[in-house]
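Student: Sending over a structure as structure tokens; questions will come in a sec.
The values are calculated or read from the model by the stated rules, or taken from the named source; none is laboratory data. All values reported here derive from a predicted model rather than from experimental measurement. Don't worry about glycine lacking a Cβ; one is built from the backbone with ideal geometry, like all the others, and counts go over all protein chains shown.
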Amino acid sequence: MLLKTLLNAFFPPVCPVCSDRIDEAGKLCPRCFGRLVFVADNTKRRGAAVVYDETSRRLILALKYGDRLDLAPLLARLMYNAGRDVLTDADALAAVPLHWKRMFSRKYNQAAVLAAELSKLSGVPCYPEMLERIKSTPKQGTRKERFENVDKAFVSNPDFPVREKTIVLIDDVATTGATAQACASVLLKNGAKEVRLLTFAKAQNGS
């Protein structure tokens, strides 16, 4: 407790979106939290907590590139609240994988971090290495290019059998749906019974 008090005195926690000072790390200031647009139309196969906009984008970037791992419990809790139906009766959680080059530069996979937190909340076992990314893909591109980029980019790890399992695929954001579709396709081809999607944010025109 003393250490935490000292750290807060010398390095006061700030909101990851607007940088205003807050009382506790890993949270949002009330104003920015109020700007999150929650998704109300989740289904059993697909789910997201919030709409992908400027507020949620900054939150994701802080986790993904800003070493703000303290935000993972908050994002996972919002995902859990929004995706209870998606998680019901699931056998395993899988994370959208990073290519080893990107993993080396980032140090961690934000999707795997969120999956681990969701496993704690839901009790569904987490297998972040169920899928492997064997092709490095560019970040930008048109919708058509994104689907082409992820074609044959993923393989199923034979150490994690998926046959007859209902799997929830975890990622931070869904935009075109290309990555999720490519991952789900691999899992289904390897015998998965069903693949569902749960993300923190999704683009309004994404699928």
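Student: Could you go through region 3-25 and let me know if any residue there is modelled with pLDDT of 95 or more, under 26 Å from residue 106 (Cα atoms) and loosely packed, with under 15 Cβ neighbours inside 10 Å.
Tutor: no
Student: Would you please name the residue that is nearest to the chain's Cα centre (by Cα), looking only at residues in region 181-202 that are surrounded by fewer than 17 Cβ atoms within 10 Å (Cβ to Cβ) and part of a loop (DSSP other than H, G, I, E, B)?
Tutor: By that ranking, first place goes to 193.
Student: Consider residue 144 carefully, then state whether it is outside any helix (DSSP H, G or I) and of a type in the set (D, E, K, R).
Tutor: No, not satisfied.
Student: From the set of residues in region 26-75 that are free of Cβ contacts under 8 Å to residues at least 40 places away in the same chain and among the basic types (Lys, Arg), which is surrounded by the most Cβ atoms within 10 Å (Cβ to Cβ)?
Tutor: 35
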